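For reference, the structure discussed in these notes is given below.
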Amino acid sequence: MKHDTYTDAYIEGVLRDTRVIALVGASPNPDRPSHRVMAFLLGKGYRVIPVNPGQAGKEILGQTVHARLSDIREPVDMVDIFRAPEALPGIVDEALAMTPRPKVLWGQLSVRDDAAAATAEAAGLKVVMDRCPAIEFPRLIG
């Protein structure tokens, strides 16, 4: 799949089919985009599991922080990534090692790596890159 554009139906389907999100790069700082997006997603009824090794064991917005994806002990629908694009291949590897695997890999604004996306898609995951669910949700769902 090319990741320059997505149909509205594709993005809306991902957002409607998702219930549990692992948010990689979650920050306790309310001024950080990851914190604001996490608050938005929680407010829309998603279960959001923050992932940040520097905050592991602490809480962000009332949710216990995990050090890595492999520490999460429940099924995750989407892995939402707030990390530099260079980190994406490693995060894809972590996501593919999860049991069960997530259904979606979502790279936030400016988070794009086409080779990592191809790896995830070859394993059956849907991929969205360089988009923000906190922008797409109000635009497509309300």
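Overview of values
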read-out: Checking D4 against (1) more than 24 Å from A123 (Cβ to Cβ); (2) assigned to a loop (DSSP other than H, G, I, E, B), the condition it does not meet; value: (1)
read-out: Residue among A22, A39, A26, A9 that alone is farther than 15 Å from Q108 by Cβ and either at pLDDT 95 or above or assigned to a loop (DSSP other than H, G, I, E, B) (or both); value: A9
read-out: Pair list, Cβ < 9 Å and 6+ apart or interchain, from segment 37-48 residues that are farther than 17 Å from F82 by Cα and in contact (Cβ under 8 Å) with a residue 40 or more places away in the chain to residues that are among the hydrophobic types (A, V, I, L, M, F, W, C) and part of a loop (DSSP other than H, G, I, E, B); value: K44/I141
read-out: Residues (surrounded by fewer than 14 Cβ atoms within 10 Å (Cβ to Cβ) and over 19 Å from R139 (Cβ atoms)) located in segment 31-50; value: D31
read-out: Among residues of segment 94-116, those that are within 14 Å of the chain's Cα centre (by Cα), assigned to a helix (DSSP H, G or I) and surrounded by fewer than 23 Cβ atoms within 10 Å (Cβ to Cβ), counted; value: 2
read-out: Filtered residues of segment 98-128 (kept if among the aliphatic types (A, V, I, L, M) and in contact with a Leu (Cβ under 8 Å, 6 or more places away or on another chain)); value: M98, V104, L105, V111, A116, A117, A120, A123, L125, V127, V128
read-out: Residue selected from segment 51-76 under the condition outside any helix (DSSP H, G or I) and of a type in the set (D, E), by the criterion surrounded by the fewest Cβ atoms within 10 Å (Cβ to Cβ); value: E74
read-out: Selected residue (criterion: farthest from E121 (Cα to Cα)) from residues of segment 33-63 that are polar (S, T, N, Q) and in contact with a strand residue (DSSP E or B) (Cβ under 8 Å, 6 or more places away or on another chain); value: Q63
read-out: Residue tally, condition outside any helix (DSSP H, G or I) and of a type outside the set (A, V, I, L, M), over segment 77-90; value: 4
read-out: Filtered residues of segment 96-108 (kept if touching a residue at least 60 places away in the same chain (Cβ under 8 Å) and hydrophobic (A, V, I, L, M, F, W, C)); value: V104, W106
read-out: D77, sole failed condition from (1) of a type outside the set (A, V, I, L, M, F, W, C); (2) in contact with a Ser or Thr (Cβ under 7 Å, 6 or more places away or on another chain); (3) farther than 20 Å from E12 by Cβ; value: (3)
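The values are calculated or read from the model by the stated rules, or taken from the named source; none is laboratory data. From a predicted model like this one, the values you see are computed outputs, not experimental measurements. Using ideal geometry, Cβ is built from the backbone for each residue, glycine included, and neighbour counts are taken over all protein chains shown.
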